Every structure is written in structure tokens, then in C-alpha cells.
1. Starting with the highest mean, order 273-279, 376-382, 234-240 by the number of other Cβ atoms within 10 Å, averaged over the residues of each peptide.
2. Just going by the charge dipole of the chain, with Lys and Arg at +1 and Asp and Glu at -1 on Cβ, which of L378, Q120, I61 is farthest out on the positive end?
3. So, in Å, what gap is there between the alpha-carbon centers of region 34-99 and region 1-27?
4. With each label point set 7 Å from Cα along the Cα-Cβ vector, what nm distance links N118 and E194?
5. Applying the Karplus parametrisation 6.51 cos²θ - 1.76 cosθ + 1.60 with θ = phi - 60° to the phi angles of region 104-119, what ³J(HN,Hα) value in whole Hz is obtained for each residue in order, glycine and proline being reported as x?
6. Check cross-link reach from K265 to the lysines: straight Cα distance under 22 Å, and skip same-chain residues fewer than eight apart.
7. Contour minus end-to-end for E318 and N3, with contour as 0.36 nm per residue of separation and end-to-end as the Cα-Cα distance?
8. Take each of the peptides 23-30, 222-229, 347-354, average the number of other beta-carbon atoms within 10 Å over its residues, and list them starting from the highest.
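All of the numbers you see were taken from the coordinates with simple rules; none came from a lab. Just so you know, these numbers come straight off a predicted model, no measurement behind them. As a convention, Cβ positions derive from the backbone with ideal geometry for all residues, glycine included, and neighbour counts pool all protein chains shown.
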Amino acid sequence: MFNTAKSAYSVVFTTSFRTAYRLVANAYPFRKGSPLLVCQDNHACVRQLINSAVNLGAQPILAPLGENDLCMTESNLKPLLKRRFFHRSGSLVVYPAQSNITGIRHSLEWILRAQKFNWQVLLDVSTFLPTSQLDLSHYQPDFVVGSFENMVEYPSGMGYVLVKRSSFCVSVYRFPEADSTITLIPKAPEWRGEDYHIVCEDESPPLLLFASINFGLQHLQTLGLGLIDQRVKVLVHWIVHNLKSLRHEDEFWHLVNVYSPFTEKNRGNIISFNVLENSGEHVKPTLVKKLAAKYRIALGVATCINPGVANLLGSPKERKRNLGVFSERYSSRFTCVQVSLGPISNFEDAYRLVQFLLQFRNPEFVPTQLTKLKEQTLSVQTALRRQSI
């Protein structure tokens with residue numbers, strides 16, 4: 001799956017993706033003046049690292065995205081990596097392999113370039129796998145955080161952290177009345193440590209859960225990660241091409257505003273968009289999701305999972321170019337619809353999605369569907385009242 005060996009990385013199993021971030025945030029050896037470079041396309045969980053760095057006197061810095069293509073640009077990132085900092089502890093870059101809103105795959109070459117300037121790298125692969133391939137024999141970040149739920153479609157929510165042994169050894173501390181935590185011991189070659197650890201916040205996950213994850217990973221290997229990658233690329237290209245060509249009945253206004261890149265280069269498995277009315281206003285993403293469910297199409301709604309990109313896609317008046325976008329007090333009003341393709345997605349799924357969205361060309365489609373939803377809601381409420389009598 002990762003093309004690496006147990007001798008290269010330790011594995012920490014966590015009860016959630018958020019816990020994976022928390023463990024690194026609490027254990028990383030930040031010191032006064034230590035730099036923490038946060039990319040604007042990071043998941044909202046990066047707030048835990050920012051808060052930990054600030055509490056320990058470290059210096060968080062934002063690496064902004066290009067406003068036109070929403071990619072990591074040479075002009076924005078390279079000068080920050082080359083900055084000289086006077087401190088004893090390491091420097092940490094939090095780098096997303098793929099955007100969880102636009103679906104853009106960011107170049108993994110920045111891992112090597114950051115390490116060339118003596119930065120340590122935390123790579124977020126939560127949406128990158130399993131529809132992309134990660135070669136840890138070539139790219140060797142110090143940490144890899146991800147989610148098994150996204151990889152094997154199993155509703156466990158479990159996450160994981162891979163820790164490079166040549167950078168840190170891992171030790172787990174468990175407390176009777178508090179969350180378990182880990183300790184990172186920098187460069188301790190005389191102590192190899194355990195191959196894997198399990199960190200639980202509440203009760204221990206059942207063994208059946210690990211068996212299910214193992215079965216799911218083996219199934220992915222059987223399908224072939226390369227074939228999954230190729231098929232998803234073809235399906236996403238077809239969907240994006242068709243969505244961008246959809247127009248209202250007057251053939252003047254676009255029907256869908258797509259936030260994912262049009263070209264195939266650097267495009268992942270996520271497509272984000274909003275359906276537009278004739279007036280140019282967005283149809284509420286929650287309504288689009290509800291209507292899609294009636295046609296047995298599973299869509300998501302992206303709200304606060306990526307405040308940095310949401311800030312760029314939202315109102316220009318609210319746009320920020322600093323770490324304020326990751327503040328817990330900041331809340332972007334931007335929302336959009338998301339479709340995420342997986343290992344078993346096929347052309348029928350893609351075709352049904354486009355045909356569903358075509359119905360929004362009819363000005364009467366939304367009002368008619370709203371009326372039906374209200375009638376169904378009233379019918380359910382009436383039935384519940386009768387049962388309670």
C-alpha cells in the first residue's frame with residue numbers, strides 16, 4: 001500500500017483522524033522560535049498543531065495558495081522554506097497530498113525540497129489514498145496521517161500515524177482517567193521501539209474492526225492501486241468536462257460552478273461544485289444533497305473541513321491571507337456540494353450524477369421537489385403523532 005517496510009516506519013492506530021493530529025500536536029518537540037509552516041489547503045485539524053505550537057512559543061507561518069489555480073506555487077512556498085531560523089529543534093511543514101475541497105493533488109516533490117532545507121514534514125493523505133499511489137521508498141516524510149475510513153469505506157472512523165524511525169521513536173503513555181498520548185524520542189537508533197501502537201480515547205476498538213480493515217486493504221491490493229488510479233482519473237475527467245458544459249435552458253447561464261481543476265493534471269478523486277439558479281444564486285448544497293438522495297446518489301456538503309480554501313472561494317470581502325483563516329473564531333460562509341469517487345465507482349455512477357443535475361435546468365424542478373419534500377415531512381409527522389396517541 002505504501003511501498004515501505006516495518007524497519008522504516010512505526011504505525012500508530014488511532015480511534016479517529018482527528019486523534020492522529022492530536023497525538024502529533026501534543027508530542028512534537030516545539031520550542032521557542034520553532035517554525036511551523038502550515039499550507040493554506042490543510043484540513044481544519046491542523047488547528048491542533050497551531051495551538052500547540054503557539055502554547056510552546058513556536059512560530060506558525062501560513063504558506064498561501066495561488067489565488068487563480070489554488071495550487072502550491074514556487075513563488076509562495078520556496079521563499080518560506082529557505083528562511084533561516086535560529087533554534088535548536090526541528091522545523092515542521094504540514095503538507096496536504098490532496099485538497100479535500102478542490103481535489104487538487106499537490107506535488108509530492110515539495111517533501112524532498114523541504115527536507116533539503118532541513119525541515120521535517122507531516123504529510124496528510126486523508127483524501128489522497130486509495131485512489132492515488134504513495135511511494136514511501138521515494139518520498140519519506142517524517143509523519144504520515146490518514147484515515148482508514150476513506151481508504152476501505154469501512155465506517156469505523158479510525159485513523160493512523162506513520163512515524164519515520166530515523167526521525168523519532170514512539171512510546172505510548174496510557175492514563176486511567178485521561179486520553180492516551182505518545183512521546184516522540186528524536187533519533188534514538190539504539191532503541192528501535194515497537195512496530196505498531198494502538199491509542200484509544202474511549203474504549204479499545206474490537207479485534208473484528210482490525211480484521212475488517214485488513215480485509216479491505218487486501219481487497220484494494222487485489223483490485224490494483226494503479227488500475228484504481230487510472231479509472232478514477234477517467235471518470236473524474238468525464239464528470240468535470242460534462243459539468244462545466246452544462247447550461248440553463250436559455251443556454252446563457254452556466255448550470256454548475258465547478259471548483260475542481262478542468263485539466264487532468266494534478267486532479268484527484270474529489271469534485272466540488274455548486275448548482276446555480278438562473279439568477280446566478282447558489283441552490284443550497286443541503287437541498288441538492290437531499291434531492292440527490294431521492295435518486296440514490298450520495299453527495300456530501302463541504303463546510304468547515306478546509307477553512308483556508310473555503311476562504312478563497314468565498315466572498316472577496318472576507319478573504320484573509322494569514323493564519324486567521326484557521327482560527328476557531330473564524331467561520332467561512334462558503335459551502336459547496338461534493339462527490340467523492342472511490343475504488344468501486346463506475347461509469348453508471350458518473351452518468352447518473354450528470355443526468356440528475358440536468359434536471360436543474362427546468363425552472364420548476366426545485367419548487368416542485370420542495371413541495372414534495374414538505375408533503376413527505378408532513379406525512380411522516382402525522383404518522384408519528386398517530387402512533388403516539
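1. Top of the packing list down: 234-240, 273-279, 376-382.
2. Of L378, Q120, I61, it is I61.
3. 20 Å
4. 3.4 nm
5. Rounded to whole hertz, the list is 5, 8, 7, 4, 6, 4, 5, 4, 5, 5, 5, 5, 4, 9, 6, 8.
6. Leaving aside lysines fewer than 8 places away in the same chain, those within reach of K265 are K78, K233, K244.
7. Working: separation 315, 0.36 × 315 = 113.40 nm, distance 4.25 nm.
Extra length available between E318 and N3 comes to 109.1 nm.
8. Values: 23-30: 21.8, 222-229: 13.5, 347-354: 15.2.
Packing order, densest peptide first, comes out as 23-30, 347-354, 222-229.
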